[in-house]
Amino acid sequence: MSFKINISNKQGKTFKLETDAPAIVGKQLHDKINGKDVSPDLDNYELEITGASDKSGFTAVKEVEGVGLKKVLLSYGKAMKKRPRKEGKKKLSNKNPKGLRLRKTVRGKVISDAISQINLKILKEGNKKLSEVFPEQIKDFQSSAEDVEREQNKSAESAPIAPKGVPQNTALRGKEKSTEIKKENSKEEKTEKVSKE
């Protein structure tokens, strides 16, 4: 069984890896594992299992023993982010009412073949840096950062310029404000003409 493994570092970057890791099977959430168990490239790394989910999307929860599915009464937190969408005509008055508890299906905390995705956190770095182990993912990070910069530069260049008589630092947004300013400018010009006559 191959696992989709997400390894996050302290800088907030996540590196993705898909591999068969039979040494992880039988471990529990928040157990510490050796990086060599995941991949031979991660030698001398110390990792912690922070989360997991199965192919259906059911989250592994540390309070549930074993490997199977179980219905548990949950409050807000892991495996329950908000109230489910209500079907019908009546609108919800509050998506997150205080004190709400719902019975939801979750998976046990033991890693098994039913688990498809595992989240790991680096506790101790090894000989190689992750940027050396996953060079193609570093390129993806850099290209996405460059795309974000380009988008910001485009939006800054396309920002409207304030008309004559309006301070340059005021931000003009939308057609309504620009038309209002044009009307005010035309009124001022008319009053100036009238005063000259």
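The values are calculated or read from the model by the stated rules, or taken from the named source; none is laboratory data. These numbers come from a predicted model, not from an experiment. Methodologically, a virtual Cβ is constructed for each residue, glycine included, from the backbone with ideal geometry; neighbour enumeration extends over all protein chains shown.
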> Residues of segment 20-37 being over 12 Å from residue 133 (Cβ atoms) and touching a helix residue (DSSP H, G or I) at 6+ places or on another chain (Cβ under 8 Å), which ones?
Replying inline: 21, 23, 24, 36
> Is at least one residue of segment 13-33 surrounded by 13 or more Cβ atoms within 10 Å (Cβ to Cβ), under 14 Å from residue 119 (Cβ atoms), over 25 Å from the mean Cα position of the chain (by Cα) and not β-branched (Val, Ile, Thr)?
Replying inline: yes
> Quick one: how many residues across segment 36-84 are more than 19 Å from the chain's Cα centre (by Cα) and polar (S, T, N, Q)?
Replying inline: 4
> Applying the selection to segment 55-101, what residues are modelled with pLDDT under 85 and surrounded by 13 or more Cβ atoms within 10 Å (Cβ to Cβ)?
Replying inline: 76, 78, 79, 80, 83, 100
> Would you pick out the residues in segment 123-139 that are touching a residue at least 24 places away in the same chain (Cβ under 8 Å), outside any loop (DSSP other than H, G, I, E, B) and over 16 Å from residue 21 (Cβ atoms)?
Replying inline: 123, 124, 130, 137
>> For the structure I just gave you, tell me whether residue 43 is more than 23 Å from residue 112 (Cβ to Cβ) and acidic (Asp, Glu).
In response: yes
